[in-house]
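Notes for the one structure printed next.
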């Protein structure tokens, strides 16, 4: 096959694919340019989930006619002069590819005027080609408008997710940038509705309240530590305020929003280990300031990943700072010491670490219905008032999470939370299919506030929620009123957690069929079942086992986790050397 030189148009489209995967990526680049221009006010307008229109207006330094022309040329940038400058960056962006990449896949208009200049200039491009350049009578600053995003790359447009999801990502992008730049005023208008209005704030915490709301910020405790290499500030949720999802975990490195990453994520969870119930997550908003020479921010086109030169030291530093914040102990301001993983593990209860049975030692992956519960059909015939079958004996509950029982001479351990999820899921599905969902009215309707991103997604699924037994309606800008819930879910202690789980389950889906969407709502709602860590009476445990045996798929929860572990007599003998 002959080697060919690609056309400029093709090269630009490829570059755009690397930098601009979705509307939120394009918007992030535009807003970061406004931040780097020294803007005090940034006004953002979005229509049609970013595909129809995105406009960013700022009061920054603006550009001259010459700089405006260069700004849409590949590899042209004001952020660096040479390769070594990459290691000493103090700006949000530096690649010099954002504007030409956006221009390559949209209709782009830029209007700009330098401070003190008599007039400004405007250029228009379509698909990367210059259409018009002329003088512009505006005000100091820059307005960048992108319309019909991906109009000439239909394959890329096809891979976008639903409008609700793309809209939510746009909102989250603006929230992140606003959270890390509290001195700048941000306003975001989506489809004619103001979703974020954050005036210049006096402190970082004040801005977090404006962006994430009082519900989340009231659960936070401060984290602060520093040494000659690095400075850490921010907040984590208090130990009694764990969350059902990872949606509230934010990391900023030199004010740039980046992914938490495995290393820092592991340090965060290690610090919470002793106080984090199964299936729950810590919330965190962490700001790291570090010498740019100690990091590599050039490892991914969208700048969402950062590589640190001293990963292990950073892990230990983050762990100690968060751990100290949770225990209210003074934070060490010295150099981070080494905290070996085995040393951290040793702090757990000796009994748990020494004697807990290893899950994989008992061939749990080989579970099957006929082998474990040969009596399941018989147990299913037990009357509703007879909570224990003659061949089923409840031994007890341990760690307030698991039930030990003997069934047909087999010793089994049941995960009470996973089992309860399976039971409620099958009942919920059955009621939905029969169109007989029992509804439980709330004595006092609950009014819940969500951040703009979550509220946008929730608004999009209100009709689906109503189909599955929820009585819920909009009750303000980002507020919803819940007056009834499906009875099958029991006495829900935190409806907001359940709705959060539903939102998360749908946020990654793309244009899914209605039936699939409804099933995901039902499955996610069942996370509100009996939680690990709850005490159960003998009668409640017996009832749970009986109900589990009646399920069509009793051996996994709706999310695929196992509900039952069988330990045979031969396996016990082998484990204790009595073969």
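We did not get these values from a lab; they are worked out from the coordinates using the rules stated. Computed from a predicted model, the values in this text were never measured in an experiment. Glycine also receives a Cβ, built like all others from the backbone with ideal geometry; neighbour counts cover every protein chain displayed.
For the pair residue 278 and residue 52, a Förster radius of 56 Å applied to the C-beta separation gives a FRET efficiency near 0.80, rounded to the nearest 0.05. For the range 105-207, the square roots of the Cα gyration tensor eigenvalues, ordered a ≥ b ≥ c, give a/c of at least 1.5 with a/b no greater than b/c, which places it in the oblate category. Distance between the pseudo-spin-label points of residue 205 and residue 433 (7 Å out from Cα toward the beta carbon): 5.3 nm. Calculated FRET efficiency, residue 576 to residue 311, Cβ-Cβ distance, R0 = 41 Å: about 0.50 to the nearest 0.05. The distance linking the range 456-513 with the range 114-179 is 33 Å (Cα centroid to Cα centroid, whole angstrom).
Remark: spin-label model distance residue 399-residue 467 equals 3.9 nm, labels positioned 7 Å along the Cα→Cβ axis. With a ≥ b ≥ c the root eigenvalues of the C-alpha gyration tensor of the range 461-529, is it rounded (a/c under 1.5), prolate (a/b larger than b/c) or oblate? It is oblate, given that a/c is not under 1.5 and a/b is not larger than b/c. If I model the range 449-494 as equal point scatterers sitting on the Cα atoms and use the Debye formula, what is log10 I(q)/I(0) at q = 0.19, 0.34 Å⁻¹? With no solvent term, the Cα-only Debye profile gives -0.61, -1.21.
Approximating the spin labels as points 7 Å out from Cα along Cα→Cβ, the residue 561-to-residue 491 distance works out to 2.3 nm.
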